[in-house]
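Structure first, then comments.
The values are calculated or read from the model by the stated rules, or taken from the named source; none is laboratory data. Not measured: the values here are computed from a predicted model. Every residue, glycine as well, gets a Cβ built from its backbone with ideal geometry; the counts of neighbours run over all protein chains shown.
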């Protein structure tokens, strides 16, 4: 008597992704496509992602941009800030997210954070660090701060590396800022932020995250930056797009939920439904609500 063992290639243990999925109907996102969305006034949706499965789910929900944020230091590693995140950790998670997208023929635009200490030393150090993340699958890198960073941005862009800048609350320098506080409240601080934003656009930054910036200032900057799409997080409804930490918008934050977050899981359904709801809310402008989520 013989026993026949049947194996199924599509079976995938431990909740991992299947070997292949039908091709997406959405065209892959690119810098020209994102620029066209910005020019037409179509809102850009962005979420963080740190692993293959959640990346694939966000892509399937229609999220245009996935950010492998150094927020993984708190979300995945249990750190108190992003300062302890290393370049090797960012490479690992970027590679994981990229593989998840490839497995499902994903179309999202993939951005990876340059972590603290990986670009401050010199433009050449920034190039070496950006190369690590691009080779891991990133389409774009993000760095924090204004002023001196403009020349670093220009150096990277001239060498074919798309850059997303980040102003306002910059978590890597939270100790210098005195905590997680709204930035650009007074006229002097707003003027500095505006000058830095324009300099970063001139240097070639294609996107600019504005974090915890007063809504009126973010709206003004969005109008002034004609070819650099603003992505808000706690910066009001008028930015060109929105980003949240995925775990926050799913209501699984281990600490105090920030004011600018909306818990999409609380509205019913499962994770997939919450991700779809987030994209719809960003697209139709119902999230964020400046009365609830902005300053």
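General remarks:
- Hey, residue 175 modelled with pLDDT under 95 and over 25 Å from residue 292 (Cα atoms) or not: yes
So that you can scan it fast, the table gives a plain yes or no per residue for (1) out of contact with any helix residue (DSSP H, G or I) (no Cβ under 6 Å at 6 or more places or on another chain); (2) without any contact (Cβ under 8 Å) to a residue 60 or more places away in the chain; (3) outside any helix (DSSP H, G or I):
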position: 127; (1), (2), (3): yes, yes, no
position: 145; (1), (2), (3): yes, yes, yes
position: 151; (1), (2), (3): yes, yes, no
position: 179; (1), (2), (3): yes, yes, yes
position: 182; (1), (2), (3): yes, no, yes
position: 188; (1), (2), (3): yes, yes, no
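- Within the range 97-125, the set of residues being without any contact (Cβ under 8 Å) to a residue 60 or more places away in the chain, surrounded by 20 or more Cβ atoms within 10 Å (Cβ to Cβ) and farther than 28 Å from residue 196 by Cβ comprises 97, 98, 101.
- The residues on offer are 205, 197, and the sole one that is under 15 Å from residue 111 (Cβ atoms) and in contact with a strand residue (DSSP E or B) (Cβ under 7 Å, 6 or more places away or on another chain) is 205.
- Qualifying residue in the range 89-104 (condition: touching a helix residue (DSSP H, G or I) at 6+ places or on another chain (Cβ under 6 Å), part of a loop (DSSP other than H, G, I, E, B) and modelled with pLDDT under 95): yes
- Within the range 221-237, if we keep just the residues that are in a strand (DSSP E or B) and touching a helix residue (DSSP H, G or I) at 6+ places or on another chain (Cβ under 8 Å), the residue that is nearest to residue 46 (Cα to Cα) turns out to be 232.
- Every condition in (1) farther than 19 Å from residue 46 by Cβ; (2) assigned to a helix (DSSP H, G or I); (3) at pLDDT 95 or above holds for residue 218 except the one numbered (1).
- Residue count for the range 252-264 under the criterion of being modelled with pLDDT of 95 or more and farther than 16 Å from residue 67 by Cβ: the result is 4.
- Residue within the range 126-140 that is over 16 Å from the mean Cα position of the chain (by Cα), over 28 Å from residue 33 (Cβ atoms) and either surrounded by fewer than 19 Cβ atoms within 10 Å (Cβ to Cβ) or modelled with pLDDT under 95 (or both) present: yes
- Among the residues making up the range 17-41, none is at pLDDT 95 or above, surrounded by 14 or more Cβ atoms within 10 Å (Cβ to Cβ) and over 18 Å from residue 162 (Cβ atoms).
- Selection within the range 264-286 - part of a loop (DSSP other than H, G, I, E, B) and buried (at least 17 other Cβ atoms within 10 Å of the Cβ): 264
- Sole residue being outside any strand (DSSP E or B), over 20 Å from the mean Cα position of the chain (by Cα) and more than 14 Å from residue 165 (Cα to Cα), chosen from 192, 261: 192
- Selected residue (criterion: nearest to the chain's Cα centre (by Cα)) from residues of the range 58-77 that are in contact (Cβ under 8 Å) with a residue 40 or more places away in the chain and assigned to a loop (DSSP other than H, G, I, E, B): 69
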